[in-house]
Structures are given as structure tokens and as C-alpha cells.
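Report on the following structure.
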Amino acid sequence: MKTEPRFKDQLNTAWKKYAAFLDRRAFPISAIFLILTTAALFFTVKLYANLKPDIEEMLPTTSRSVLDLKEVTSRLRSIENLGVLIFSKNSDAAGRLQQDLANAFEKLPPTVSSGVEYKITDEINFFQKRKALFISKADMKSIQDFIKKKIDYEKFIYNPVNLVIEDKPTEPAFDFAALEKKYSSQTDEYSHFPGGIYATPDGTKRLILIYAPDQLIETSRALKDAVVDIVAKINPKKYAPDMEVKYSSNVQDILEEQESLMNDLVLSTLMVSLLVALVLLLYYRSFFATVALIFSLMVGTILTLGISYFIVGYLNANSAFLGSIIMGNGINFGIMVLARYLEERRSQGEPHVVALEISMRETILPTFAAALAAAISYGSLMLTSFRGFSQFGIIGFIGMVACWFCAYTFFPAFLSLFNRYVSIKGGDRRTESRSLWAYGLKQLLVKVPKPLAVFGVVLSIAALFTLTKIDRSIIETDLSKLRDKTSMTSGSGFLNGYIDMILKRYSTPIAVMTHHPEDAEKIANKLKEIKEHEGKDSMINNVMRIQDFVPADQAEKIRSLHAIQEQLPPKIYWRLSDTDKARVKDFLSTSTLKPFTVDDLPSKLLDRFREKDGSLGNLVLVEPPLSDAIRQGEPLLRFVKDIRAAVDAIAPKTPVAGRLTITADMLTAVVRDGPIATVVSALSVVLLTILLFRNVELSILVLTSLFLGVAWLMAGLHWFGLRINFLNFIALPITFGIGVDYAVNVFHRYREEKHKLEENRQIGDAPGSETRSDSPIVKAVFHTGGAVVLASMTTTIGWCSLMIAGNQAFVSFGRIAVIGEVCCVTVAVLIIPSILIWLQGRKKV
């Protein structure tokens, strides 16, 4: 029994010495941190300069889609392209501009462009002259049978001997229109191009596709800059006053996403900094105390990002906004320290060093628990293979540790430095750190605890019931809802619709890159069988390999065509309708026919299938249907699964690459890794709370508050129709770490107030009958509730910075995180305290 007081006295002495040390060495300590921060700022800038918005950057480097994409791009020219769209009501002028731009684009060096597409006239002319060779041997035999029957019929009809016979044979017929339709359907997707040019039928909307030599963001930017420069020099307006040139497709998508991210980052950082500073100033009403706290926050954030440069090296689409998030969340620890410091100085009249000692000593356990819980919650994301989660977790973990460390080292030292020159006491008892909302919280708990408790219980029951209704449908599968809003309404995402309108096919198919032509043939045949089996519901719309453009048995077909021509008497030909005459002449013309091989195909077509080393025959292109279905999760996953299954059954480890496979793997990773991170975060917070506090009542209160807040959040998602996606899933595990912060601080102070009340009762200083205002939980909320709400507000500001982003995935992330904040802080400062008051039966005053 004597050991504990002695240890407590030793601990208090240690805190006094530490506070005195920070006060005495305030200048060198502050200088050291500022020097480190300056160095870290350099690497922070480099970190943000290396922002990679590509979705493959969020998948593990060992993911199949990432590995496959690397191999395909190493063997094949880039499948990424920049779409140059031309708009004008003057179709002739638009055509001239299209031709002039294409000529200029074709002169771009191979380091900038790997090819230009804007017409297929050569291909159309090539196949038009040889389309008879694509008629199957069975159809040729049908034609021969028809001619033989027609000849026999003609002989019978025009034989005078047969004129008296009443039972005449039926005249044979052949549907040449059906034959024409059958073979023209194979080229229907190209026949809509006017004159073989990439344009709408009226020629008012035209397209040029320029392929990037690789998938690096620097290459994409160089290509776009070169194209924009050429367009500016040619000056589209001189062709027609209404002429417009706009950009779309994959390259423009990436550039727009990165530019949007950078703009949003600047805006969010400024917004968070200004709003957090304003809220702190209004709450504390001490300019220099607020400046010290802001400086501490900036130091912790910059150190975090500087360290992160050496660990992760770059930012992806998920981690881009972490600077703002760390600022909003990492300031919580300093808020609690400063709130207690100003409470001691203003209400208790303590001198600076004593107030510093008490504020650090009394807040370190709850803030340490909160920081560790938040760090573990971020850290739980590191256990996932999804880089979109793990990188976020690494930086978030570092951020929580760094900001908490700064709150107990740099911040008190910097505060001491200010205290040497200015007064940061800031007034009397009426201006202490407890603000109007602290008094408001107290009045709610004193006056209406029962309605608050009933509201909390009813809402909690409703939330728990709602949780039973949540299923897989809560996962967002419409990928278009996760793009940049401006891009989808007026930018590249919107303009992609015009590319679809012109091409009438999916412009970026999946590439199956085999190692042997024999495997490519087997895989293509297998995929065609799947398409045939699934019918109109198949997500496989087209399967192509270069050999498909070379018909088989050409020499035999040419002999059959000659035989048909010789067999068809002129008198039968002239008795056909004019339409059928034209069809027969078109299909059966053999004057220029001779067998051709792959090497004879048009160069533009060959370039599409040719590898960098010149090889042909290994590539199979698979296109999905041009519909919204491919943007939905389930059809997309089925599409990719079918292709991989067919490929692996024939040639395992064959690369299957494209944007669609990466997106499918990303959705799979979110569904797999998201729940893992959430469970690990929840269990870690539970264990941490129990181990740190080693108090059953306190642990129950903290964990009940936390899990009710999370239950409210999940139910809120269902009630408001919000869905989980690859980015906002992070909000769930993080809510456990951040949400526990508020409950820990409130109920740690509650235990402290209970101990004070018990001690006062033992020495007779407590009143004989306490009022509700004297309740330990009311005092705890009154003393810490304002600071807790302030901490929640600053964190919410950090999350709200995401809601101004153009990227709708970030907006959804911010929205869910804000709901989680409101739920957790409300339960911690109002619902659980009101239930405690109701159960304890305190009387009103």
C-alpha cells in the first residue's frame, strides 16, 4: 500500500523535472525541431511531386493485373491513348483539320508517340477487294448447289416437251441478301465510318487517337503537351469559327485526375489550416497559445511526410489527402494538453511551469491511448496487400506517433518560449478554456438526461437492427461514380461518350499476350466458345487475333469461285434481279483474287498486333460490349474471371492486361482486405483499452461508447444510401482508432472526478447530498467535453477537406468519416453520460 504513493510521488517529481527542463531549454529544443522540420519540408515537396494517380499504384506489386500489365507493356506498344476530338458544324472544315492534325501528329518522335489512328480506309479497301475469300466453303457449296438446281429447273421449264406437264417443279431460290448480311455483319463495326474516317456519319464530330509509348505519367504529360502545342500552331479557328478541339481517353483521364488531385490538395490544405486556426482561436481566446499549437501541428505533419518519403517514396490516389487528414486528427493530442494547461492557469491560477507539468501529467495516459489507438487503426491497413490501404496506413501511423510526440516535446517547449515574452494566461475564470459549448453540454446533461438517454437507447437499438440488413450490396460497383466530378460532367469522362459514339466499340480492350501463337489460337477459340454459350448476356463482345483477318483455304476457295463462275450460265445470271446481279458480281468476282498472308495485311492493322521485337501472332484482344454494364462490379468481375479461366486452362501465367483487369483486382482487394483491416483495428483498440486502463468499468464505458458510435455509423450508411468503395472503406477501421479518442478522454476524466469525490467524502469536504451538477460524469464532460468537441471539430475539418475534392471517391470518404465523427463524439459526450446520470438517479437543480 505504501509503494503506490511512493511511486506516484516519484512520477510527479519526474514530471516536474521534465516540465522545468522544457521551460529551461525551450529555445534549443524549438530550434532543433525547426531545423528538422525545414529538412523534412524539402522531402515533403518531393513526396507530393511524385503523386501517382494511376489505379494500378493502389494494388500490390505482386498483383496479377499489375504483373501482367508490366509484361504486356514491355512487349507491346502502349495500349494507352490520347483522344483528340474535333467539333464543328462545318464537316468539310472539320475533315481538313483532322487530316492536317493527323499529318502533324504522325511526325512526333517515337519517344512521345507510338502511333496515330484516325482512319481505316486502307483496311476497308484491302478487305473489300478480297471479301469473297471470307465466304465459307459450306456457303460456296450452297451457291454451287443452287446454280445446279437452277440450271436443272431452267432446262425443265424451257423444254417444250414439258409445257403440257401440270406438276411442275418448284423454282429454286437462294437468299443472296442473307449471304451479304452474314458476311457484312463481320465488318459492321467499321462500316459506319464515313469514307473510313473516324467520324460520326454527318462528319461534325471527328476523332484522332494518338498512342503513348509507355504508361508513365511523365510520358503522358509530354504527349499531351506536344499535341496541345501542335493544335495551337495549326489554329483550329481558322478552319471554321465554331471549330473546337478537346481531349479525352486514357491519357487525358490520368492527367485530369492528377491535376484535380493537386488542385484539391492545395485548396484542402489551406482550408484545413485556416479553419482549424480559427476554431482554436475562438475556443482558447489566446492568440499565442493557438500559434504554438498550430506550429506543433505543422511540425508533426511535415516530419511525418518527410519521413514517409523515405519509406513509401510517393503518394497514390488514396494517400494524397493524408496531409490534411493528419492535421485534422493529429492536433487532438495538443488540444487536450493546451485545454488542461489553460484550465490550470486561468481557473487555478497556477504559474506556467506548474500548469505545464499538470497538463502533461494528467493528459498523457488518455492521449497516449488515443494516439496509440489511432496509430494502430491506421497501422491495421498496413496488414493488407492493397497498396491503396497499406500506404495510407503507413503514413497515418507515422503521423499519429509524430503528432503525439510533438505534443509532449516541441509544443510545451515552444509554449514556454512564448511565455518568456508574452502572457498566454489570457484573462480570468470567465475566459478559461472551457467554452460556451462546454457549458451547453453541461446544461443538457443536468436538465434533460432522461430524454437524451432514451433517444440514445432507441437509436442504438434501431442501429443494431439495421446492421442485420447490411449485405454485399453496400459495396459501390458503379465505377463512374468514383471519378472526378468535373471530368464526368464536362471533361475527359464526359467526352469519352463521343469516342464511344464514333468508334462504336470499346477503345481499350483487354490484351492476352501469349508466348506461342498456338496458345493464342486455342485461347481465342475458347473465348469465342464462351461468348457463343453465354449468348446475348455474354460480357465478351469480340475476340480478335491477327490471323482472324486471313481466311483459311484461300486457294481452294479461289478454285471454287472459278468453278461457280464457269457453272453459272449467262442466261441465268441475266434473269436475276438487278440487286442480286450486283451481289453476285460483288461476291464472285475473281479477276484480281489471289491468296494473301498476314504479312500482306495493311501496316496499321499489323501495328496493332505487332510486338516491339516484330513478333506477330501472340496477341489476343478481347472487347466487352459498349454498355454501362462493364462499369458495374459484378459484370466486370465475371468478364475478367471468364477470360482468366479460359487463359489459365490453356496456358497458365499468360498475361491478361488492361484497365479492366486492374479495376477488377482492385474491387476484389477491397472486398477481401477491407474487412480484415476493420476487424484488426477493432480488436486492437479493444485490447489496447483493456491493457492500458486495467479498469473494468472504464474499459466497458470506453468500448461501449466506441462500438455504439460505429454501429450508428454503419446504420447511417444504410439509412442515407451511402456505399463503400475502394477509398472510403478506410474510414471504417480508422473510425475505431479516432472514435475511441473522445471516449477515452471523457471517461478518464470521469474516473479522476470520481476519485476526487471519494477523497472529499473521506475528509468531509464533499456536501452531504450532491446535486446532478456535482456528478463526476457531468464534471468530466464540463471539464473535457469542450476540448473533446474541439478535437472532433478539427478532425471533422480534416475530413471535410475531402468533401470539396472533385474526385467523388474522396467526397464519399469525407462524408462517411464525418458521419463517424459525429456519431462517436455524440455518444461519448452526451449519450453514455446521460445514461449514467439516468441510472445513477441524480436529482436536478
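Once the cut-off is 37 Å, how many percent of the Cα-Cα pairs in the chain end up in the long-distance tail?
57
By average Cβ neighbour count within 10 Å, what is the ranking of 606-613, 306-313, 529-536 from highest down?
Numbers: 606-613: 15.1, 306-313: 17.4, 529-536: 11.0.
Packing order, densest peptide first, comes out as 306-313, 606-613, 529-536.
Express the accessible area of region 457-569 per residue in Å², computed with a 1.4 Å probe while the remaining protein chains stay in the model.
Details: 5760 Å² over 113 residues.
Per-residue value: 51 Å².
Determine, from the Cβ-Cβ distance of residue 61 and residue 32 and an R0 of 41 Å, the FRET efficiency 1/(1 + (r/R0)^6), rounded to the nearest 0.05. It would help to have the intermediate numbers written out before the result.
Working: r = 37 Å, r/R0 = 0.91.
After rounding, the FRET efficiency stands at 0.65.
List the pairs from 224/246; 119/246; 70/526; 129/557; 129/594; 8/779 whose alpha-carbon separation is above 21 Å, in the order I gave them. Let's see the in-between values first.
Values: 224/246 11 Å; 119/246 18 Å; 70/526 25 Å; 129/557 15 Å; 129/594 10 Å; 8/779 24 Å.
Distance filter (> 21 Å) returns 70/526; 8/779.
If I take R0 = 35 Å and measure r between the Cβ atoms of residue 489 and residue 214 in this structure, what FRET efficiency does the formula 1/(1 + (r/R0)^6) give, to the nearest 0.05? Could the numbers behind the result be given before it?
Values: r = 30 Å, r/R0 = 0.86.
Once the sixth-power term is evaluated, E becomes 0.70.
Under a plain spin-label model, where a point goes 7 Å from the Cα along Cα-to-Cβ, how far apart in nm are residue 270 and residue 565?
Result for the modelled spin labels: 7.5 nm.
For the chain, what % of the accessible area comes from carbon and sulfur atoms, probe 1.4 Å? Kindly include the intermediate steps, with their values, before the conclusion.
Values: 22070 of 36590 Å².
The computed percentage sits at 60.
Stretched out fully, how many nm does the piece from residue 122 to residue 21 gain, at 0.36 nm a residue minus the Cα gap?
Additional length available on full extension: 28.1 nm.
When the dipole is taken about the Cα centre of the chain, and only Lys, Arg (+1) and Asp, Glu (-1) are charged at their Cβ, what size is it in debye, to the nearest 20?
The dipole of the chain has a size of about 2220 debye.
With each pseudo-label sitting 7 Å past Cα toward Cβ, what's the residue 455-residue 839 distance in nm, one decimal?
2.1
What's the ranking of 552-564, 9-21 by average number of surrounding C-beta atoms within 10 Å, highest first? List each step's numbers first, then the result.
Working: 552-564: 15.4, 9-21: 13.7.
By packing density, highest mean first, the sequence is 552-564, 9-21.
Working from Cα positions, state the angle (0 to 90°, nearest 10) between the long axis of helix 449-467 and the longest principal axis of the chain.
30
Could you compute the FRET efficiency for residue 555 and residue 202, with r as their C-beta to C-beta distance and R0 at 35 Å, rounded to 0.05? It would help to have the intermediate numbers written out before the result.
Values: r = 43 Å, r/R0 = 1.23.
So the FRET efficiency works out to roughly 0.20.
For the peptides 364-370, 389-395, 715-721, what is the packing order when you average, over each peptide's residues, the other Cβ atoms within 10 Å and list the highest mean first?
Details: 364-370: 21.6, 389-395: 25.3, 715-721: 15.4.
Top of the packing list down: 389-395, 364-370, 715-721.
Restricting to bridges with both residues inside the chain, how much of the DSSP beta-bridge set is antiparallel, in percent to the nearest 5? Mind showing how you got there, number by number?
Details: 28 of 31 bridges.
Close to 90 percent.
Counting only the heavy atoms of the protein chains, how much of residue 815 is accessible to a 1.4 Å probe, in Å² to the nearest 10?
90
How long is the gain from residue 310 to residue 599 if the chain were fully straight, where each residue apart is worth 0.36 nm and the alpha carbon distance is subtracted?
Working: separation 289, 0.36 × 289 = 104.04 nm, distance 5.07 nm.
Full extension of this stretch gives 99.0 nm more.
The values are calculated or read from the model by the stated rules, or taken from the named source; none is laboratory data. A quick note: this is a predicted structure, and the numbers were derived from the prediction, not measured. When we count neighbours, we look across all protein chains shown, and the Cβ atoms used for this are built from the backbone with ideal geometry, even at glycine. To get the accessible areas, we keep the full protein, side chains included, count just its heavy atoms, and leave off ligands, DNA and RNA. Shrake-Rupley method; radii C 1.70, N 1.55, O 1.52, S 1.80 Å.
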